[in-house]
Amino acid sequence: MKRFLMFCIIPCLMALMQINGQTTGNNYVNQFVIIANNPGPVISKDIYGHFSEHLGTCIYGGIWVGPNSKIPNTYGIRNDVLFALREIRVPTLRWPGGCFADTYHWRDGIGPQNKRASIINVHWGGVTEDNSFGTHEFMKLIELLGCDAYINGNLGSGTVQEMAEWVEYLTNDSESPVTRLRKENGQDTPWKVRYWAIGNENWGCGGNMTDEYYAGIMRQYSTYLRNYGNNRLYRIACGPYGDNFQWTETLMKDASTRDLFQGISIHYYSVVDGWNYKGSATKFDEREWFETFRLNYDIERIIIGHKNIMDCYDPDKTKGLVIDEWGNWFVVEPGTNPGFLYQQNTLRDAITAAIHLNIFNRHADRIKMANLAQMVNVLQSVILTKDDKMILTPTYYVFKMFRDHQNARLLTTDLKCEDYIFGDKKIPAISASASISNEGKILITLANLNPGKDIVISCPVIGFTIKNINGQILTAEQMNAHNTFENPDNVKTIEFKGFKVKDDIITVTLPSKSVVALELR
Ligand code: AHR
């Protein structure tokens, strides 16, 4: 019956609904058809994950101020940031890097803080890292956020023994020199840490390895990362950057390698006009606005490429794709340390977040986790801090609007929409996805990328009786609208009423350059 629905009824219904999804004169009839009564895979909550590296002021200043700080804190973690992060329901947090992870030696960051070794953070500005934020502080942050830890081990410059003992230190309940050390440092019972990355960008900052070489080393590391008690490890092999499909093929094709990891990561940043230019986060024209979204959309091609390879070797989808670094990468704010990657965040970044999260939702059959780079003060952050002040970025509000997709079930949808054309290039003007929660609530998330045109879209919801709709919108007059420490509420979500409902068809008027969330009951 399910197959009959999937292959016969649903396509026919969609075809019928889409008869008008075409140009009539100058008016394209935009449609987003939602089939509500045949939910698909669960959208892993971890798709809404974050990433915090020892880089610039992400950890120091942004999250960690220390227990003696005048900034209100809980065990050294700033309260304003903590409370804001709880609101977006951070499901998972990756740490300590990034490139930093492959220089990090976890024993430097345990024990009395005044006795910890200071090191140089060679990747990020050459600043002194005093290791005052280490394993115990990170696990306290995890506890206070109520989320899962995702620890990135050091394969590039560490040893197998070092990574294996880190797993043991955190998760083993038995008596051993390593677990005794944990107890001496104040933690009697082990923590639960499921997600472990076996190196970071080992094709680059993590050791400049070839795919074959990494596959061999990964095999060795993974063997010694053990399950203790009921802590089942989810080992994540370092995957490639972007569309280097060969790397994924190398890891997936070798059956003996395959047994040793449960997930494979990819990294992808949207970098306008390449790494030598990157563009400004706040001073850009429509060409750069368009180009950012064109690059954002490209992640779907990359995901499909990796999925196709994984499907060949793992048709039952037992292994997950983990996009553990994604986002816009612009030049640093003028006057800031180039090694700190501090950038502002505008309405453009909010639409970027919506495009990515909608794509990740739609590939929930394979994507297990995704982590925005990065959580505070680095790259496309959800939060910026300056001394005791904090602002929420437009990207933050998108994570809040989308949070109920977490652990909901993806709905089959079909989007037919007009193009957003700039020069000789075009991209879909609308990004969309929909899910249904266990309680039967539908969440539809939409974005209109066109900065100069409101777009009307018809959303027939099949197999669901709409009783009530709540709408939220994030938009602004200017493409580069953003929040500042002087004007922190310039861009934020407000109630949205730009829709009509008749016969379970919602007609939505999406204002130009906006993100909209509709909650249907
Ligand atoms: O997120 C910043 C850096 O980008 C990370 O450290 C690295 O993994 C990537 O190249």
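Approximating the spin labels as points 7 Å out from Cα along Cα→Cβ, the GLN161-to-SER437 distance works out to 5.1 nm.
Each of PRO190, MET479, PRO72 was scored by the projection of its Cα onto the charge dipole of the chain, and the greatest displacement toward the positive side belongs to PRO190; charges sit on the C-beta of Lys, Arg, Asp and Glu. Taking Cα centre as origin and charging only the Cβ of basic (Lys, Arg, +1) and acidic (Asp, Glu, -1) residues, the dipole magnitude of segment 45-410 rounds to 780 debye. Farthest towards the positive end of the charge dipole of segment 45-410, among the residues ASN227, SER118, PRO315, is the Cα of ASN227, using unit charges on the Cβ of Lys, Arg, Asp and Glu. Couplings for segment 64-71, taken from phi via the Karplus curve 6.51 cos²θ - 1.76 cosθ + 1.60 with θ = phi - 60°, read 9, 10, x, x, 8, 5, 6, 6 Hz in order; Gly and Pro are left as x. Gain on full extension, evaluated as 0.36 nm per residue between SER132 and HIS105 minus their Cα-Cα distance, stands at 8.4 nm.
Sequence-ordered 3J(HN,Hα) estimates for segment 36-50 from the Karplus curve with 6.51, -1.76 and 1.60 and θ = phi - 60° stand at 8, 9, 9, x, x, x, 6, 7, 3, 4, 6, 5, 9, x, 10 Hz, glycine and proline given as x. Over 20 Å between C-alpha atoms is what I'm after, so list which of LYS192/LYS400; LYS192/LYS307; LYS441/LYS513; LYS115/LYS192; LYS426/LYS492; LYS453/LYS497 land there. In this structure, LYS192/LYS400; LYS192/LYS307; LYS441/LYS513; LYS115/LYS192; LYS426/LYS492 lie more than 20 Å apart at Cα. Taking other residues whose beta carbon is less than 15 angstrom from the beta carbon of ILE430, and scoring Lys, Arg as +1 and Asp, Glu as -1, yields +1.
Considering only THR171, SER44, LEU372, and ranking their Cα positions along the charge dipole of the chain that arises from unit charges at the beta-carbon of Lys, Arg, Asp and Glu, the one farthest toward the positive end is SER44.
The gain in end-to-end length when the CYS312 to VAL331 segment is fully stretched comes to 2.9 nm, 0.36 nm per residue minus the alpha carbon separation. From most to least packed by mean Cβ count within 10 Å, the peptides 468-479, 271-282, 337-348 give 337-348, 468-479, 271-282. Around the amide H of SER270, modelled in the peptide plane, lie the amide H atoms of GLY327, ASN328, TRP329, all under 5 Å away and 5 or more residues distant in sequence or on another chain. Under the convention that each Lys and Arg Cβ holds +1 and each Asp and Glu Cβ holds -1, the size of the dipole of segment 370-521 around its Cα centre is about 220 debye.
The distance between label points at ASP504 and ASN468 comes to 2.0 nm (points 7 Å beyond Cα on the Cα→Cβ vector).
Determine the sum of side-chain charges near LEU520: Lys and Arg each +1, Asp and Glu each -1, restricted to other residues whose C-beta is under 15 angstrom from that of LEU520. So the environment of LEU520 carries a net charge of +2. Dividing the convex hull volume of the alpha carbon atoms of the chain by its residue count gives 153 Å³ per residue. What are the trypsin sites (Lys or Arg not before Pro) within segment 463-511 that DSSP puts in a loop, where the Cβ has at most 13 other Cβ atoms within 10 Å? Taking segment 463-511 and a limit of 13 other Cβ atoms within 10 Å, the loop trypsin sites (Lys or Arg not before Pro) found are LYS467, LYS497.
Dipole size of segment 60-190 about its Cα centre, with +1 on Lys/Arg Cβ and -1 on Asp/Glu Cβ: approximately 360 debye, rounded to the nearest 20.
A straight chain from ASP285 to ASP298 at 0.36 nm per residue would run longer than the Cα-Cα distance by 2.6 nm. Couplings 3J(HN,Hα) of segment 258-264, computed from phi: 4, 5, 9, 9, 9, x, 10 Hz, in residue order, whole Hz [Karplus 6.51 cos²θ - 1.76 cosθ + 1.60, θ = phi - 60°; x for Gly and Pro].
Here the peptides 137-145, 357-365, 212-220 are ranked by packing, the mean other Cβ count within 10 Å, and the order with the highest first is 357-365, 137-145, 212-220. Once both labels are positioned 7 Å from their Cα atoms along Cα-to-Cβ, the gap between LYS426 and LYS386 label points is 4.3 nm.
None of the figures in this text is laboratory data; all of them are computed from the coordinates on show. Keep in mind that this is a model prediction, so the values were computed, not measured. Heads up, the Cβs are rebuilt from the backbone with ideal geometry, glycines too, and the neighbour counts pull from every protein chain shown.
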